[in-house]
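Worksheet for the structure shown next.
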Amino acid sequence: MSFLRRQWDRVESTDAAGIRTAYYLIIICTAILTCLGMIMVLSSSAVEYISANRDPYSLFAKQATFGVIGLVLMFGMALISPKFLKRLAWVALGVALLLLVAVLVPGIGRNVLGNQNWIQVGPVGIQPSEFAKLALILWSATVFSAKEKLLDRWTHTVVPVLFPVGALVVLLILLERDLGTVMIVLLVLLALLWAGGAPKLVFVLTAAAAVAAVLVIAVISPNRLGRINSWLGRGGADDALGTGLQTMQAKYALASGGWFGVGLGQSRSKWSYIPEAQNDFILSIIGEELGLIGTLAVVVIFIVLVISMYRVAHRSQDLFVRVLTTGVIAWLGGQAFINMGMVTGLAPVIGVTLPFISYGGSSLLACLLAVGLVLNAARDQIRNGVPALGPTVKTSPEGKA
């Protein structure tokens, strides 16, 4: 236990070298995951596209394009003034809400695999719910920082972040029939309330209401209920053509990979055994081609990314930074480990992607922009040598305050 305590003390260290390390680790981990995602999208999609007489590099080209654009925007986001970010938050939220409403309008929104959550702009499909997560986090951090002296009253921790804005975002995404994204947004809202200092009773009641709502929504849908029954082993998981198809085939892929994998590009499961392998179940292809070692490496990179972001939040004395970074951690870290649980059978299939790695331009752009927000806070800490956006302490040449 003393060893673990020492390691955690190192994580929570606020020394200057530590925050620089966290800043560069965030960049390195993000770049590795993004590049791995491009490679695995190519590997997992090329075979089916060749069999369909389509360009095998088409999805890779799209993912690579969004990846390069996203990395440029990520660094651009890191350079923006924090004050400008707060002004941008209101515009971002307004645009996100308008897009969520537009998705539901016939002729504008597009249905993909049962979810009405896409807008087609020329050859590019946009998923507004991905950017809604980003806008909600940025706006909530802005609101909480503006109301910091009032947060000792529970009403100010609930209004307007949880009600009406948070509830409206959840409702609009729910109307798109995307329960997976709803669950991630609820997780983010809980993290925002916790970082914002919500009273324990408010936090517990909100968490209980969120869990109850998700369970009710899942039970009243035959498809979602079938997935839960499959996860519980009530017939579906043993049916090779039934609800448990993806999970069962994913386990086969992970098992066949062994310790070191069958080799990059050599997966057999991507030959239509796992439908749309480049999306939610891309981790199974990683496990098959790169083995247990490769899969654990991906897990470790996500853990390092989360810990590095936590260091930024822990070091800051500014509520805006703490809420913002905590929301991003809950989104990226929570979604990553929910996806991993889904692929390995530890959680029911709920249809969430693996951040940075699964195919999807909207998801990749939103995730990289979210990392850019955290880098913005870390960069401010490095530049000022004090907690991000906190009071600047002027020192004399001898180093005395």
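Read-outs: derived from the displayed coordinates by stated rules, not from any lab. In this text, all values refer to a predicted model and were calculated from it rather than measured experimentally. Glycine gets a Cβ as well: all are built from the backbone with ideal geometry, and neighbour counts include every protein chain shown.
Hey, what did the stretch 1-158 get for relative contact order, percent, Cα under 8 Å, at least 6 apart? Each step should come with its number before you reach the end.
Numbers: 94 pairs, mean separation 20.4, N = 158.
Over the stretch 1-158, the number comes to 13 percent.
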Based on DSSP loop calls and a cut-off of at most 13 other Cβ atoms within 10 Å, the longest stretch of the chain free of exposed chymotrypsin sites (Phe, Trp or Tyr not before Pro) is what? 58-258
Rounded if a/c is under 1.5, else prolate if a/b is larger than b/c, else oblate: which is the stretch 1-119, with a ≥ b ≥ c the root eigenvalues of its Cα gyration tensor? oblate
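What helices does the chain have that are whole DSSP H segments, at least 30 Å long along their own axis by Cα, and with mean Kyte-Doolittle hydropathy of -0.5 or more? All intermediate terms of the calculation are to be shown ahead of the outcome.
Numbers: long enough: 16-51 (54 Å, 1.53); 58-79 (32 Å, 1.62); 82-103 (31 Å, 1.74); 282-315 (39 Å, 1.76); 319-344 (37 Å, 1.31); 361-384 (34 Å, 0.83).
Helix filter hits for the chain: 16-51, 58-79, 82-103, 282-315, 319-344, 361-384.
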Short version: ³J(HN,Hα) in whole Hz for each residue of the stretch 263-270, in order, from phi by Karplus 6.51 cos²θ - 1.76 cosθ + 1.60 (θ = phi - 60°), x for Gly and Pro, what are they? x, 4, x, 9, 4, 9, 5, 6
Three-way shape label, the stretch 54-154, alpha-carbon gyration tensor, a/c 1.5: oblate
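Does the stretch 292-349 come out rounded, prolate or oblate, given a ≥ b ≥ c as the square roots of the eigenvalues of its C-alpha gyration tensor, rounded meaning a/c under 1.5 and, failing that, prolate meaning a/b above b/c?
Numbers: a/c = 5.09, a/b = 1.92, b/c = 2.65.
It comes out oblate by the Cα gyration axes.
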Just how large is the dipole of the stretch 265-348 about the Cα centre, in debye to the nearest 20, putting +1 at every Lys and Arg Cβ and -1 at every Asp and Glu Cβ? 260 debye
Which trypsin sites (Lys or Arg not before Pro) does the stretch 97-169 hold that lie in a coil by DSSP with at most 13 other beta carbons within 10 Å? Arg153
5 Å is the cut-off here: which amide hydrogens, built 1.01 Å from N in the peptide plane, fall below it relative to Ser267, excluding neighbours closer than 5 in sequence? none
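So what's the net charge close to Gly257: Lys and Arg +1, Asp and Glu -1, counting the other residues with Cβ under 13 Å from its Cβ? Present the calculation step by step, with values, prior to reporting the outcome.
On the way: positive: Lys251, Arg268, Lys270; negative: Glu288, Glu289.
Neighbour charge sum, excluding Gly257 itself: +1.
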Suppose every K and R has +1 on its Cβ and every D and E has -1 on its Cβ; what is the size of the dipole of the stretch 40-112 about the Cα centre, in Debye to the nearest 20? 380 debye
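Within 12 Å, Cβ to Cβ, of Ile80, how many net charges do the neighbouring residues add up to if Lys/Arg are +1 and Asp/Glu are -1? If you can, show how the numbers build up before the last one.
Working: positive: Lys83, Lys86, Arg87, Arg379; negative: Asp380.
Charge balance near Ile80 sits at +3.
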Under unit Cβ charges (Lys, Arg +1; Asp, Glu -1), what dipole magnitude, rounded to 20 debye, does the chain have relative to its Cα centre? 960 debye
